[in-house]
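Visitor: Sharing a structure with you now.
The values are calculated or read from the model by the stated rules, or taken from the named source; none is laboratory data. Just so you know, these numbers come straight off a predicted model, no measurement behind them. Quick reminder, even Gly has a Cβ in these numbers, built from the backbone with ideal geometry, and neighbours come from all protein chains shown. We work out accessible area using only protein heavy atoms, side chains counted, and drop any ligands, DNA or RNA first. Shrake-Rupley method; radii C 1.70, N 1.55, O 1.52, S 1.80 Å.
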Amino acid sequence: MPAAVKRILPQLITLLGVMVLVSLVFPDFLSIDYSDGRLVGPVIDVLKRGAPVALLAVGMTLVVATGGIDLSVGTLMAITGAVAAAAIVAGHGLVLAIVLALAAGLCAGGFSGFLVAVVGIQPIVATLILMISGRGIAQLITEGRILTFNMPGFAFLGSGTLLGVPVPVWIWLAVTALAIVIVRRTALGLLIESVGINRRASALAGVNARVILIAVYMASGLCAALAGIITTADIRGADANNAGLWLELDAILATVLGGNSLRGGRFSISAAVIGALIIQTINTGILLAGFPSEYNLVIKAVLVILILVVQSPSLAGDLKRLGSQLSRRAPRRSAKAAPQRSDR
Amino acid sequence: MLLALQSLTKTFVGMKALDEVDFELASGEVHALLGENGAGKSTLIKCLTGVYRRDAGSILLDGRDISPDSTSRAQALGIGTVYQEVNLLPNLTVAQNLTFGHEPRRFGIISPRAQRRRAAQMLEGYGLDIDLDRDLGSYSVAVQQLVAIARAVELSGRVLILDEPTASLDDREVQMLFAVVRRLRDRGLGIIFVSHFLDQVYALCDRITVLRNGCRIVTERSDSLDRVRLIEHMLGRELAAQEESEKRHRRSAPLAGEPLLSFAGVGRRGFVEPFDLEVQRGEVIGMSGLLGSGRTETAELMFGIRRMHSGTVSDAEGDLRLNNPRDAIAAGFGFAPEDRKTDGIIADLSIRDNIVLAMQARRGWLRRVPRAEQKRLAADYIERLDIRTSGPEKAVGELSGGNQQKVVLARWLAMNPRFLVLDEPTRGIDVGAHAEILQLVRELTARGMAVLVISSELDELIAVSDRVIVLRDRRQVARLSGSDITLENVVHAIAASDEHREVSA
Ligand SMILES: Nc1ncnc2c1ncn2[C@@H]1O[C@H](COP(=O)(O)OP(=O)(O)OP(=O)(O)O)[C@@H](O)[C@H]1O
Ligand SMILES: [Mg+2]
């Protein structure tokens with residue numbers, strides 16, 4: 001089995017398990033119809049609604065690999081969405097709206113990265129600044145209203161369909177693939193991992209740790225901007241208060257479900273994205289199963305804890321050890337006992 | 001028998017690190033545990049103290065079966081340990097580190113005053129004059145090592161284990177440590193001593209056990225096991241060829257001509273006094289001095305880890321800018337640091353990744369070193385430096401201490417620098433590899449590379465250097481070259497008292 005597949009196997013199995021679980025309570029979960037030139041069905045819905053968190057997870061994985069964390073991404077979705085909506089309302093074209101939103105994401109990420117890499121503030125604090133103040137900034141841009149607009153081209157990014165598949169799905173697939181190619185075909189992945197594991201030793205080996213750190217926060221900002229664009233386009237309006245609310249936590253969760261250590265180091269983008277799909281499957285599944293909404297968060301929490309415990313390497317090690325001990329113990333003892341006694 | 005290990009076995013993925021090893025420790029003896037890098041010494045110790053879980057075998061303390069499953073359990077049983085890599089908490093103070101886990105309390109609250117008093121007591125007899133309230137991390141590796149030892153001594157009621165405790169200590173400190181160890185032995189403790197310094201082993205130990213490839217080869221009294229036989233046991237082969245290469249080939253006169261590099265008035269306030277140094281192509285400069293004399297600090301200045309406040313560095317082309325390690329690397333410098341764990345290795349990455357790291361950083365992220373080239377480099381250096389591993393993809397953190405050191409060395413050799421600074425390059429490296437590394441340094445210089453070697457091991461320094469610089473109190477106090485490089489002269493320069501400073505400077 002190739003190493004890349006082996007790495008994401010636990011996540012794939014988990015995703016499958018969750019899907020089976022959801023199918024048990026909602027048998028139609030796996031049914032897919034084709035109508036009006038588009039695929040429809042719960043699974044397609046999961047892929048589409050999972051787009052923002054999947055995108056955030058791509059950037060978050062890179063940040064987490066350096067031993068950092070980015071709490072600002074949910075807020076950044078609100079800011080970048082507001083920027084795009086404001087640009088459209090002000091009469092600018094589609095391209096400029098997208099470019100401005102992406103630029104806003106890059107700048108905000110660069111700001112966090114600067115605080116972490118140059119000023120030396122701890123990542124959780126540095127990104128908390130934007131997480132809290134950012135909603136205010138977004139409100140200033142939307143002037144406190146929900147900024148609605150009418151531009152079919154932009155809305156297409158959120159609710160359109162291409163070759164039968166929702167556009168947001170294409171976007172996260174493309175971004176994930178691109179990120180993996182960039183990180184693994186160049187040396188970026190190695191440099192990010194080495195900075196995350198031992199920043200000082202990396203710097204002594206000539207790695208420009210500051211630039212790497214700033215770059216990952218900018219990448220995270222860019223991913224947040226894409227997620228912001230999709231959400232804004234989907235509802236055809238920018239909601240400074242609710243866009244991306246708490247999604248930074250889902251993104252972190254997705255990264256962790258992807259088996260990426262928050263202490264930094266080796267990382268897998270694809271596993272994190274699968275983690276995002278796991279979360280969305282649970283969300284959708286709970287809705288479809290028709291539980292009273294008060295139960296949603298509790299059920300989600302229980303499932304997540306269960307998954308994390310099962311995936312935990314130390315538990316896996318313990319189980320393996322227990323297994324091998326049980327199978328070995330009895331025969332070994334009896335074989336060894338006799339010669340040992342005669343020695344003395 | 002105080003402590004007995006019976007057919008202890010430990011397997012890591014794909015390899016047997018310990019294979020049915022028997023080991024006995026009597027009370028009132030110092031027992032040396034020797035073997036090549038990767039022989040299994042540290043693993044044996046970690047199985048004994050509960051860091052690793054053994055796969056099979058038993059451990060008897062005073063004839064009773066014990067199975068410590070954590071280091072604190074082992075401590076409670078009276079087994080105190082100093083691990084090969086200092087594992088204290090750098091951001092706690094010295095006093096806090098010494099008393100950690102058994103802080104003196106008053107009414108249930110930690111009393112800082114009692115804590116300090118107690119810490120001071122623990123450090124008595126080591127000749128350390130340090131501020132107990134400063135963060136441990138602000139002191140050198142050697143001081144940290146002594147603090148770790150003092151802590152372990154305090155915790156050990158029955159057994160004291162020292163895994164390469166002297167690697168970063170100078171002679172005076174080694175003597176103090178030995179005095180402490182002998183005192184404990186006379187009190188009836190059993191002491192396990194791991195070291196690659198055979199002189200120290202013979203000076204201190206009553207019995208010697210040799211491990212090779214995870215198997216016990218021999219246990220004998222040290223007065224009946226002569227050195228040649230001991231080394232042959234360790235290496236598993238005849239020694240003859242090795243001794244030949246130990247002979248020195250020092251040039252009688254330094255190479256004439258344009259210097260490769262010249263450092264003029266380079267210094268940093270409160271760190272290193274300004275110094276001048278001309279580096280010739282193909283020479284080995286040895287740098288010697290006591291702990292805290294500014295050796296590592298000088299190297300850090302040369303490599304741009306700290307900015308210099310004064311002075312210039314130039315080569316034939318003109319002035320060089322050395323504001324950070326990247327500048328230094330661009331100028332063709334290399335630096336293998338003293339503390340490999342925090343400054344050298346990237347523990348979770350593979351041997352291959354660690355070796356190509358500096359080269360990759362130099363090329364920039366867009367131009368990845370081709371995979372085939374990476375593999376070739378890794379295979380090449382694993383063979384040349386005899387790095388003991390199951391393969392190039394093994395994480396460096398899983399290698400034995402000496403083999404980690406070799407990986408850091410390989411990283412810089414792969415860069416083929418023109419000026420290579422080696423801070424304690426042979427620390428923790430076994431007898432066989434030791435000679436190989438010195439040999440390698442000579443080969444490199446034959447091809448024109450200049451090497452600056454910092455070492456506390458005077459014999460090694462004298463054997464390999466064309467010139468020796470002696471530092472004291474952060475300034476250069478003597479330079480020896482040619483036939484002046486003798487043990488006596490170096491020791492004299494290091495130890496000369498303050499009145500003599502003017503004369504020797
Ligand atoms: N955590 C680990 N995972 C996998 N292999 C390991 C691990 N720890 C040690 N090993 C392997 O076990 C072998 C023995 O290592 P050990 O650290 O005991 O050597 P050592 O005798 O202490 O050597 P040194 O003199 O270099 O310190 C080595 O080949 C090493 O690669
Ligand atoms: Mg060891």
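Visitor: In segment A:144-162, which residues are of a type in the set (A, V, I, L, M), touching a strand residue (DSSP E or B) at 6+ places or on another chain (Cβ under 8 Å) and closer than 16 Å to A:Leu226 by Cβ?
Guide: Within segment A:144-162, none qualify.
Visitor: Quick one: is B:Ile355 in contact (Cβ under 8 Å) with a residue 24 or more places away in the chain, within 11 Å of another protein chain (Cβ to nearest Cβ) and outside any helix (DSSP H, G or I)?
Guide: The answer is no for B:Ile355.
Visitor: Turning to a different aspect of this structure: If only one of B:Leu2, B:Leu44 is under 23 Å from B:Arg73 (Cβ atoms) and away from ligand 2 (no atom under 12 Å from the Cβ), which one is it?
Guide: B:Leu2
Visitor: With the requirement that a residue be open to solvent by 40 Å² or more (accessible area, probe 1.4 Å), part of a helix (DSSP H, G or I) and not hydroxyl-bearing (Ser, Thr, Tyr), what does segment B:319-352 give you?
Guide: B:Arg326, B:Ala330, B:Lys341, listed by residue number.
Visitor: Condition first: in a helix (DSSP H, G or I) and β-branched (Val, Ile, Thr). Now tell me which residues in segment A:15-70 satisfy that.
Guide: Selection gives A:Val18, A:Val20, A:Val22, A:Val25, A:Val43, A:Ile44, A:Val46, A:Val53, A:Val58, A:Thr61, A:Val63, A:Val64.
Visitor: Next question, about the same structure. Which of the numbered conditions does A:Arg200 fail, given that it passes all the others? Conditions: (1) open to solvent by less than 50 Å² (accessible area, probe 1.4 Å); (2) touching a helix residue (DSSP H, G or I) at 6+ places or on another chain (Cβ under 7 Å); (3) within 12 Å of chain B (Cβ to nearest Cβ).
Guide: So A:Arg200 meets the others, but not (1).
Visitor: Residues that are of a type in the set (A, V, I, L, M), modelled with pLDDT of 80 or more, in the same structural domain as B:Val194 (by TED's automatic domain parsing) and part of a helix (DSSP H, G or I): does segment B:157-170 have at least one?
Guide: Looking for residues that are of a type in the set (A, V, I, L, M), modelled with pLDDT of 80 or more, in the same structural domain as B:Val194 (by TED's automatic domain parsing) and part of a helix (DSSP H, G or I), one finds none in segment B:157-170, hence no.
Visitor: Within segment B:275-333, count every residue that is within 14 Å of another protein chain (Cβ to nearest Cβ) and either of a type in the set (Asp, Glu) or more than 28 Å from the chain's Cα centre (by Cα) (or both).
Guide: So the answer is 2.
Visitor: Are any residues in segment B:33-76 within 13 Å of chain A (Cβ to nearest Cβ), of a type in the set (Asp, Glu) and within 16 Å of ligand 1 (Cβ to nearest atom), and if so, which ones?
Guide: B:Asp55
Visitor: Identify all residues within segment B:397-427 that are within 14 Å of ligand 2 (Cβ to nearest atom), of a type in the set (Gly, Ala, Ser) and open to solvent by 10 Å² or more (accessible area, probe 1.4 Å); write none if there are none. Walk me through it before giving the result.
Guide: First pass over segment B:397-427, keeping only residues within 14 Å of ligand 2 (Cβ to nearest atom): B:397-406, B:427.
Of the ones still in play, those that are also of a type in the set (Gly, Ala, Ser) are B:397, B:400-402.
Selection gives B:Gly397, B:Ser400.
Visitor: Read through the list (1) loosely packed, with under 13 Cβ neighbours inside 10 Å; (2) among the β-branched types (Val, Ile, Thr); (3) in contact with a strand residue (DSSP E or B) (Cβ under 6 Å, 6 or more places away or on another chain), then give the number of the only condition that B:Ile109 fails.
Guide: Among (1) loosely packed, with under 13 Cβ neighbours inside 10 Å; (2) among the β-branched types (Val, Ile, Thr); (3) in contact with a strand residue (DSSP E or B) (Cβ under 6 Å, 6 or more places away or on another chain), B:Ile109 violates only (3).
Visitor: Report every pair of residues separated by at least 6 positions or lying on different chains whose Cβ atoms are under 7 Å apart, first residue within segment B:181-201 and open to solvent by 50 Å² or more (accessible area, probe 1.4 Å), second within 16 Å of ligand 1 (Cβ to nearest atom).
Guide: From segment B:181-201, the pairs are B:Phe197/B:Thr166.
Visitor: Can you pull out the residues in segment A:47-68 that are crowded, with 24+ Cβ neighbours inside 10 Å and of a type in the set (A, V, I, L, M, F, W, C)? Show your work before the answer.
Guide: Going residue by residue through segment A:47-68, those that are crowded, with 24+ Cβ neighbours inside 10 Å are A:50-66, A:68.
Matches in segment A:47-68: A:Ala51, A:Val53, A:Ala54, A:Leu55, A:Leu56, A:Ala57, A:Val58, A:Met60, A:Leu62, A:Val63, A:Val64, A:Ala65.
Visitor: Same structure, new question: Of the residues in segment B:439-450, how many are touching a Gly at 6+ places or on another chain (Cβ under 9 Å) and either of a type in the set (D, E, K, R) or under 12 Å from B:Leu422 (Cα atoms) (or both)?
Guide: Here the count works out to 2.
Visitor: Would you check which residues across segment B:360-396 are more than 9 Å from chain A (Cβ to nearest Cβ), of a type in the set (Gly, Ala, Ser) and either surrounded by fewer than 21 Cβ atoms within 10 Å (Cβ to Cβ) or within 16 Å of ligand 2 (Cβ to nearest atom) (or both) and list them?
Guide: B:Ala372, B:Ala379, B:Ser390, B:Gly391, B:Ala395
Visitor: Which members of segment B:25-41 meet the condition of being more than 15 Å from ligand 2 (Cβ to nearest atom) and within 18 Å of B:Thr81 (Cβ to Cβ)? Steps first, please.
Guide: Initial filter on segment B:25-41 (more than 15 Å from ligand 2 (Cβ to nearest atom)): B:25-31.
Selection gives B:Leu25, B:Ser27, B:Glu29, B:Val30, B:His31.
Visitor: Let me ask something else. One residue is enough: does segment B:5-28 have a residue meeting the conditions surrounded by fewer than 17 Cβ atoms within 10 Å (Cβ to Cβ), of a type in the set (A, V, I, L, M), farther than 21 Å from B:Ser168 by Cα and modelled with pLDDT of 90 or more?
Guide: Within segment B:5-28, one or more residues are surrounded by fewer than 17 Cβ atoms within 10 Å (Cβ to Cβ), of a type in the set (A, V, I, L, M), farther than 21 Å from B:Ser168 by Cα and modelled with pLDDT of 90 or more.
Visitor: For the condition β-branched (Val, Ile, Thr), more than 14 Å from chain B (Cβ to nearest Cβ) and open to solvent by 40 Å² or more (accessible area, probe 1.4 Å), what is the one hit in A:Ile235, A:Ile230, A:Ile269? I'd like the intermediate steps shown before the answer.
Guide: Numbers: A:Ile230 fails: open to solvent by 40 Å² or more (accessible area, probe 1.4 Å); A:Ile269 fails: open to solvent by 40 Å² or more (accessible area, probe 1.4 Å).
Going through A:Ile235, A:Ile230, A:Ile269 in turn, the sole match is A:Ile235.
Visitor: Let me ask another. Based on what the data block shows, is A:Asn208 touching a residue at least 24 places away in the same chain (Cβ under 8 Å) and surrounded by fewer than 24 Cβ atoms within 10 Å (Cβ to Cβ)?
Guide: Spelling it out, it is not the case that A:Asn208 is touching a residue at least 24 places away in the same chain (Cβ under 8 Å) and surrounded by fewer than 24 Cβ atoms within 10 Å (Cβ to Cβ).
Visitor: Among residues belonging to segment B:62-76 that are in contact (Cβ under 8 Å) with a residue 40 or more places away in the chain and open to solvent by 60 Å² or more (accessible area, probe 1.4 Å), point out the one that is nearest to the chain's Cα centre (by Cα).
Guide: Within segment B:62-76, the match that is nearest to the chain's Cα centre (by Cα) is B:Gln75.
Visitor: Taking B:Asp466, is it crowded, with 17+ Cβ neighbours inside 10 Å and either under 20 Å from B:Arg172 (Cα atoms) or within 19 Å of the chain's Cα centre (by Cα) (or both)?
Guide: no
Visitor: Of all the helices (runs of 4 or more DSSP H) wholly in segment B:398-505, which have at least 2 residues that are touching a residue at least 40 places away in the same chain (Cβ under 8 Å)?
Guide: B:401-413, B:431-446, B:458-464, B:487-495
Visitor: Would you call B:Asp343 in contact with a Lys or Arg (Cβ under 9 Å, 6 or more places away or on another chain), closer than 26 Å to B:Gln476 by Cβ, of a type in the set (Asp, Glu) and at the interface with chain A (Cβ under 8 Å from one of its Cβ atoms)? Steps first, please.
Guide: Numbers: in contact with a Lys or Arg (Cβ under 9 Å, 6 or more places away or on another chain): yes; closer than 26 Å to B:Gln476 by Cβ: yes; of a type in the set (Asp, Glu): yes; at the interface with chain A (Cβ under 8 Å from one of its Cβ atoms): yes.
It is true that B:Asp343 is in contact with a Lys or Arg (Cβ under 9 Å, 6 or more places away or on another chain), closer than 26 Å to B:Gln476 by Cβ, of a type in the set (Asp, Glu) and at the interface with chain A (Cβ under 8 Å from one of its Cβ atoms).
Visitor: Could you tell me which of the residues A:Val175, A:Val183 is within 25 Å of A:Ser261 (Cβ to Cβ), more than 14 Å from chain B (Cβ to nearest Cβ) and under 20 Å from the mean Cα position of the chain (by Cα)?
Guide: Numbers: A:Val183 fails: more than 14 Å from chain B (Cβ to nearest Cβ).
That would be A:Val175, the only listed residue that is within 25 Å of A:Ser261 (Cβ to Cβ), more than 14 Å from chain B (Cβ to nearest Cβ) and under 20 Å from the mean Cα position of the chain (by Cα).
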